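These notes are about the structure you will find just below.
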Amino acid sequence: MSLLEEVKDKKEFRKLSEDLISRVLVKVSEKYDVTDKKDQKKIVKETRARLRELYSAFRMRNFTKKNRYLEEMKDWEDKEICKKILQVHLSTRERVDYYDDLYMKIRKHVDFKSVLDLGCGLNVFSMPWMGRIDYYGIEVNQEDVDFCNDYLEKFGLRGGIRWGDVLSFDNYLKAEVCFMFKVLEGFESLERDFTKKLLDKIPCKYIVVSFATRSLGGKKSISERRLKWFEKLVEEKVLERFKLGDEVYFVIRT
């Protein structure tokens with residue numbers, strides 16, 4: 001069994017993009033002798049731990065309830081059920097009380113009718129607050145991709161979610177605005193200076209980026225001073241910077 005197959009042998013990783021797993025595996029392997037049996041075990045263990053940080057840790061314990069919630073949904077604009085679904089994923093759970101303000105602030109700059117959402121998770125279920133738009137996303141877990149596409153298809157909503165590792169894409173679909181909510185630091189940890197290359201590739205006039213201001217689960221604050229690298233990268237393009245909840249947002253015109 002290859003190291004990749006060993007990592008995927010755990011159920012929580014079986015639906016993840018192999019591109020992402022391979023990328024993390026290669027990064028972790030740099031510190032070890034891949035021909036040594038003991039080091040191979042360490043590589044698999046550390047790769048799984050890194051994948052949990054990047055993906056699994058965002059799943060709440062009641063994550064599987066989302067399927068029942070979607071079955072119960074009779075209207076795409078049902079905020080009550082969408083809120084329940086958004087709350088099973090830690091990233092959207094922390095944002096759920098601020099969606100009205102978030103989209104109002106973004107629409108001050110661009111009255112978007114189409115969105116490209118990179119590392120979208122379950123964010124498509126914020127559409128009742130966003131308005132009926134063409135929604136396109138990329139997500140690394142096949143189960144989440146299928147679930148989000150089921151929502152779009154059930155209510156005849158335009159768009160679709162693609163399965164894959166954002167870092168592996170060369171071309172991205174054109175939309176009026178691109179969302180990158182709390183994903184760039186994860187990308188940078190896997191490939192340094194990836195953000196610059198990504199921003200150059202995105203075929204959208206407007207990009208909205210966010211960063212966490214508290215640790216996962218909100219236990220401690222994270223200094224915004226760490227974002228100097230990003231501020232320097234986009235300093236001439238920022239239309240607005242604002243904070244909502246435990247996120248700081250940048251609205252950028254490319």
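Throughout, read-outs are computed from the coordinates displayed, never taken from laboratory work. Just so it is clear, the structure is predicted and the values come from calculations on it, not from any experiment. Please note: Cβ atoms are built from the backbone with ideal geometry, for glycine as well, and neighbour counts cover all protein chains shown.
Of note:
- Direction-averaged projected area, Cα convex hull, the stretch 116-254: 8.5 nm², rounded to one decimal.
- In this structure, K205 and K10 have a Cβ-Cβ separation that, at R0 = 30 Å, corresponds to a calculated FRET efficiency of about 0.15.
- Reference-scaled alpha-carbon Rg (2.2 N^0.38 Å with N residues) for the stretch 18-103: 1.56
- For the pair the stretch 165-184 / the stretch 58-131, the C-alpha centres are spaced 18 Å from each other.
- The stretch 72-121 pair-distance distribution - Cα-Cα, 5 Å bins, rounded %: 5, 16, 20, 27, 24, 7, 1, 0
- The long axis of helix 37-54 is offset from the longest Cα principal axis of the chain by roughly 10 degrees.
- For K37, the lysines whose Cα falls under 16 Å of its own Cα, not counting residues fewer than eight places away in the same chain, are K45.
- Dipole magnitude of the stretch 3-54, debye to nearest 20 (Cβ charges: Lys/Arg +1, Asp/Glu -1, about Cα centre): 260
- Checking every one of the chymotrypsin sites (Phe, Trp or Tyr not before Pro) in the stretch 1-69 against DSSP loop status and a limit of 10 other Cβ atoms within 10 Å picks out no site at all.
- Loop GluC sites (Glu not before Pro), the stretch 55-101, which have at most 14 other Cβ atoms in a 10 Å radius of their Cβ (DSSP): E77
- Among the cysteines of the chain, those with no neighbouring cysteine Cβ under 4.7 Å are C82, C120, C148.
- Percent RCO, i.e. relative contact order, over the chain, from Cα pairs under 8 Å lying at least 6 residues apart: 15
- A Stokes-Einstein calculation at 4 °C with viscosity 1.567 mPa s, built on the Kirkwood radius of the chain over Cα pairs, returns a diffusion coefficient of 68 µm²/s.
- Long-range tail of P(r) for the stretch 1-151 (Cα pairs > 28 Å, %): 32
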